[in-house]
Amino acid sequence: MSGFFGVVAKEDCMFDLYFGTDYHSHLGTRRGGLAVYDKEKGFDRAIHNIENAPFRTKFDKDFHEMKGSMGIGCISDYEPQPLIVRSHHGTYAITTISKINNTDEIVNTIFKHGNSHFLEMSGGDINPTELVAAIINQKENLIEGIHYAQELIEGSLSLMLLTPKGIYAARDKYGRTPVIIGKKEDAYCLTFEDFAYRNLGYEDYKELGPGEIIVATPEGIRTLMAPGKEMKMCTFLWVYYGYPSTSYEGISVEQMRYNCGTYMAQRDTVKPDIVAGVPDSGIAHAIGYSNESGIPFSRPFIKYTPTWPRSFMPTIQSKRNLIAKMKLIPVHDLIKDKSLLLIDDSIVRGTQLRETTEFLYQSGAKEVHIRPACPPLLYGCKYLNFSRSSSEMDLITRRVIARLEGTEDVTDEVLQEYANPESQKYEQMVEEIRKELNFTSLQFNRLDDMLESIGIPKENLCTYCWNGKE
């Protein structure tokens, strides 16, 4: 994932830009970047590796040296950005939140139109933000170029583009990721997370609709392309990605997680001694469960954040698993001889949760009942960089299904049976996962309950990773 923040102001914007961007640190682990425009100095930019140090530490010097009345910043889990681009549109800076599934096709098309080269990143991939800029530059003006990129890209694309005249912003064609605008006297901001502007003195102004394109200046916001009618926003933003104090489409992330826990408790029959959440995203779900069930909420292990503050850093899976284990410190008095019900946001590969469960048994737990806050993940996400996995067989569900079916080549019709919580195949899959991960019991949240927990029309939410339906 990635997050971004932009500011257009009548005075210097660096304070708001610096802290607003930093408030997106939970969405990325590899690169941070800032780009500003000043009427006298022109464009200035800084990009740093933030894999082993917080954003503020790396950008403290830039914060004091950079100057501008307009700027954009990003936290990225993948590519270095923002980029400064010189084109027939003039010079601009661009940052994106995207997943491009048809990169090769687009690159070949652009080569045919005269583009000479793309710079490869260290992993050999083309920088997606550079590719988006190249698409935009195929058209006669920025508005046409941005709209062309939205139409051409298979996957998702939200962006901010900083020019000497203002910041252009566009939300993904189907609204898969958010773009939200805040307002205060003499300034506007654009952000992925709305909580990022509240301590900076901004108030809610508007949330862009699907495919909407606007331009922001210190004088106001002007819509350049009206929003479309169809929206498929990522449901996982509420379940996991979103910071607890943020809201999307007017729906609080924290409240949604309480609602999830409530529905899970209503369908459950076990009576553990305590309910707990895997820090951090599982905690609110567990509070909701505890409030509904009357079973005490407790924290049998504590996440040690002073030296391991990042939730999913580094990018190498084996190291992530090790760090996840190192971060959890047991409270033995709350574990020994206890029956625990543990809620996590999801089960992906299963490795970390299996190790967490073993860790609880070793600390004296009598039972460990696992309750993921979302349904079994059956499909790799096509729309967000939820994982860099190259194969759906990295999902524990798909490995278990392959064993049950005797083949990895499973039809979508069969997968739909495994997605149905009322089916025998679903029960078999859940039981196999339970045994493999050594849980006392396992019960996933249901898709219908999870969608009800959000409360916006179900047709406006993407559920592809759970049922293969966009």
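Each reported figure results from applying straightforward, stated rules to the coordinates on display, with no laboratory input. Keep in mind the model is a prediction, meaning the values are calculated, not measured. Ideal geometry is used to build each Cβ from the backbone, glycine not excepted, and the neighbour counts take in all protein chains shown.
The stretch between LYS229 and ASN199 holds 7.6 nm of extra length on full extension. This uses 0.36 nm per residue minus the Cα-Cα distance. Once the Cβ-Cβ distance of LYS184 and ASP125 is raised to the sixth power relative to R0 = 35 Å, the FRET efficiency obtained is 0.35. Cα gyration tensor of segment 210-309, axes a ≥ b ≥ c as square roots of the eigenvalues: rounded (a/c below 1.5), prolate (a/b > b/c) or oblate? It is prolate, given that a/c is not under 1.5 and a/b is the larger ratio. 3J(HN,Hα) along segment 283-298: 5, 5, 4, 5, 5, x, 5, 5, 4, 6, 7, x, 7, x, 7, 8 Hz, from the Karplus curve 6.51 cos²θ - 1.76 cosθ + 1.60 with θ = phi - 60°, whole Hz, x for Gly and Pro.
Rounded to the nearest 5, the antiparallel percentage of DSSP beta bridges internal to the chain is 80%.
Among residues other than GLY282 with Cβ under 10 Å from its Cβ, the summed charge is -1 (Lys and Arg +1, Asp and Glu -1). FRET efficiency for the ASP60 to ARG222 pair, using the beta carbon distance and R₀ = 35 Å, is estimated at 0.50.
Note down the net charge around ASP337, summing +1 for each Lys or Arg and -1 for each Asp or Glu among other residues with Cβ under 11 Å from its Cβ. Cβ neighbours under 11 Å give a net charge of 0. As a quick test, which of the pairs LYS67/LYS303; LYS338/LYS425; LYS435/LYS469; LYS58/LYS327 have an alpha carbon distance above 26 angstrom in this structure? Beyond 26 Å between Cα atoms: LYS67/LYS303; LYS338/LYS425; LYS435/LYS469. With both labels modelled 7 Å from their Cα along Cα-to-Cβ, the GLU105 to GLU154 distance reads 0.4 nm.
Under 28 Å of direct C-alpha separation, and excluding same-chain neighbours fewer than eight residues apart, LYS61 reaches these lysines: LYS10, LYS39, LYS41, LYS165, LYS183, LYS184. For a modelled paramagnetic label at TYR361, 7 Å from Cα along Cα-to-Cβ, the residues of segment 328-354 in reach, with backbone nitrogen under 11 Å, are 354.
Find, among the GluC sites (Glu not before Pro) in segment 193-228, those assigned to loop by DSSP (not H, G, I, E, B) with at most 14 other beta-carbon atoms within 10 angstrom. Walk me through the numbers on the way to the answer.
Values: sites: GLU193, GLU203, GLU207, GLU212, GLU219; in loops: GLU193, GLU212, GLU219.
When the GluC sites (Glu not before Pro) of segment 193-228 are filtered for loop state and at most 14 Cβ neighbours within 10 Å, GLU219 remain.
Estimated purely from DSSP H runs of n ≥ 4, each contributing -39500 (n - 2.57), the mean residue ellipticity at 222 nm for the chain is -9000 deg cm²/dmol once divided by its residues.
Under the simplified labelling scheme, the HIS113-ASP280 pair shows an inter-label distance of 4.1 nm, with each label point 7 Å from Cα along Cα→Cβ. For segment 1-62, the set of trypsin sites (Lys or Arg not before Pro) satisfying both a DSSP loop assignment and a count of at most 13 other C-beta atoms within 10 Å is given as LYS10, LYS39, LYS41. Between GLU413 and ASN291, full extension at 0.36 nm per residue minus the direct alpha carbon distance yields a gain of 40.1 nm.
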